[in-house]
1. In whole Hz and in residue order, list the ³J(HN,Hα) couplings for segment 26-39 that follow from phi through the Karplus curve 6.51 cos²θ - 1.76 cosθ + 1.60, θ = phi - 60°; x for Gly and Pro.
2. Taking the alpha-carbon distance from Lys101 and a cut-off under 13 Å, which aspartates and glutamates remain once sequence neighbours fewer than 8 residues away in the same chain are dropped?
3. State to the nearest 20 debye the size of the charge dipole of the chain about its Cα centre, where the only charges are +1 on K and R beta carbons and -1 on D and E beta carbons.
4. Would you please give the residues with an amide H less than 5 Å from that of Ser108, counting only those at least 5 places away or on a separate chain, with H modeled from the backbone geometry?
5. In what order do Thr80, Thr12, Thr112 fall by count of nearby beta-carbon atoms within 10 Å, going from fewest to most?
6. Taking Rh as the Kirkwood radius computed over C-alpha pairs, what is the Stokes-Einstein D of segment 91-142 at 37 °C in a medium of viscosity 0.692 mPa s, expressed in µm² per second?
7. What is the angle, in °, between the Cα long axis of helix 53-63 and the longest principal axis of the Cα atoms in the chain? Nearest 10 is fine, range 0 to 90.
8. Calculate for the chain the 222 nm mean residue ellipticity that helices alone would give, adding -39,500 (n - 2.57) per DSSP H run of length 4 or more and normalising by residue count, nearest 500 deg cm²/dmol.
Amino acid sequence: MVPHPISPYGVTKFVGEMYSEVFGRVYGLENASLRYFNVFGPRQDPTSQYSGVLSRFMLAVLEGSQPIVYGDGEQSRDFTFVENVVDATLRACEAPGASGKVFNVGTSSRITLNQVLKQLEKISGKPIQAKYDPPRTGDILHSQADITLGRTLLGYIPSVDFSAGLQRTWDWYKQTYAKK
């Protein structure tokens, strides 16, 4: 899709991509832009304002509180395990023909927040009752990465799917944040 940012945050990301591409053309500096789609994994600080929803969900489950969902939970995301992101980034550093290009880094699939909570309930063995708050202004309803260019130019194929990544992330959060 042609970028059409709906928030100031999105505009700054898009302008950064354009700036990099033009700077590379004008001054010969090789560069590639990578658009990371909802990165998650171990070691993400669930208390940070920049933390993703999955780490917040996991902390809530471990604390026995209600995970907060903004909206009805049917919004979907292309959640991407951190190991996939590292792989794509390293490939972009060395791939011939990558300079000046923009690559989506995701899995090319999506899952709703309600489905995430069901999977988290299953792997945690705990019942989860989410608290649904009004949607946040500027949040998109659905995101899904088209990784065709990354497959073609970088040889990028996500090696960790959502379920496996969620399990590995849960295991780390449980070990790190569970009350002893």
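We did not get these values from a lab; they are worked out from the coordinates using the rules stated. The structure displayed is predicted, hence computed values, not measured ones. Here Cβ is always computed from backbone atoms with ideal geometry, including for glycine, and neighbour counts include all displayed protein chains.
1. For segment 26-39, the Karplus-derived couplings read 6, 10, x, 7, 5, 7, 9, 9, 10, 9, 7, 9, 6, 6 Hz, x marking Gly and Pro.
2. Straight-distance partners of Lys101: Glu17, Glu21, Glu30.
3. Details: 19 positive and 17 negative charges, 88 e Å.
Charge dipole, the chain, about its Cα centre: 420 debye, nearest 20.
4. Here the answer is Ala145, since their amide H atoms fall under 5 Å of that of Ser108.
5. Thr12, Thr112, Thr80
6. On the way: Rh = 15.0 Å.
My calculation gives 218 µm²/s for D.
7. Rounded to the nearest ten degrees, it is 20.
8. Values: 5 runs with 72 residues, N = 180.
After summing the helix terms and dividing by the residues of the chain, the value is -13000 deg cm²/dmol.
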